[in-house]
Amino acid sequence: FFFLMIRRPPRSTQSRSSAASDVYKRQVHGVAPNATVVGEVLIGSQSCIWYGAILRGDNHAIRIGNHTNIGDNTVITTSMALPPGIPESVNIGNNVNIQQNCSINSCIIDDDCVIGFKSVILEGVRIERGSVIAPNSLVPPGSLIPSNQLWAGSPVEYVRDLRPEDVKTIRDMNEDSVELGQEHKFKVLPDVLDEYKLFQNLENPTSYIKAKDRLNQE
């Protein structure tokens, strides 16, 4: 990953307008203009739905936590009906990085996981906290992936436990992706940039909604 990690200055050194923009950034998520989000889809703060992604919550709910990335062209769907005891919804935790071109269906992905490029996660799967699915992997229906492990293959097999340095790399990688999402929300997409500039000049962040209404009327 080649993304530049951008660090904000300590809060005490920020101007009022800068602090206000920070509040705005923490409160919103980003959905790319050509992504498709349908049905009951809940997206947490600072999570990013990237270009070409499809989230279909038309059958059952899709829930995505905070600081989570759904990569370009990834498709997330829910099964119409599954055997008793297997939830039909998709539940994705905080700080999860789902990379490009993945297929996700009716499963649970806990916090701090990474799903590699072009991987397929089928119904009834649970991937426990901090685990990594290598690129081009297939996780069969009903599989349980224990926490802090690396699995790979089609179908997946256990490779090894994750080392402390692996955990740090995963955390840094996710932070980089979140920062890149912020860049796209506030600097790349012009309509969002207009909102951001407006909010940045507000003395009271709670007045954002009224200010946004004024912008829409112009």
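The values are calculated or read from the model by the stated rules, or taken from the named source; none is laboratory data. Just so it is clear, the structure is predicted and the values come from calculations on it, not from any experiment. Note that we place each Cβ from the backbone using ideal geometry, even for glycine, and neighbour counts take in every protein chain shown. The area values use the complete protein model at the heavy-atom level, side chains included, leaving out ligands, DNA and RNA. Shrake-Rupley method; radii C 1.70, N 1.55, O 1.52, S 1.80 Å.
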Report task. Provide the net charge surrounding I145, with neighbours chosen by a C-beta distance below 14 Å and charges set as Lys +1, Arg +1, Asp -1, Glu -1. Result -> -3
Query raised in the report: To the nearest 10 Å², what's D111's accessible area with a 1.4 Å probe?
Result: 40
Requested in this report: Express the accessible area of the range 39-192 per residue in Å², computed with a 1.4 Å probe while the remaining protein chains stay in the model.
Outcome: 43
Query raised in the report: So, with a 1.4 angstrom probe, what is the percent of accessible area on the range 88-144 that is carbon and sulfur?
Result: 47
Report task. Figure the gain on full extension for N73 and Y158 (residue separation times 0.36 nm, minus the Cα-Cα span) and round it to one decimal in nm. Result -> 27.9 nm
Report task. Label the range 92-163 by shape, choosing from rounded, prolate and oblate, from the square roots a ≥ b ≥ c of the eigenvalues of the Cα gyration tensor; if a/c is under 1.5 it is rounded, and otherwise prolate applies when a/b is larger than b/c, oblate when it is not. Result -> rounded
Query - Near-label residues of the range 91-112 by backbone N, under 18 Å of a point 7 Å along Cα→Cβ of E40 - result: 91-93, 105-109
Report summary line: In the neighbourhood of T74 defined by beta carbon distances under 12 Å, the net charge of the other residues (Lys, Arg +1; Asp, Glu -1) is +1
**Report entry** Part-to-part distance (alpha-carbon centres) for the range 117-141 and the range 49-96, which is given in Å
**Finding:** 13
Query raised in the report: Which value, in Å² and to the nearest 10, is the accessible area of E179 when all protein chains are kept and the probe is 1.4 Å?
Result: 40
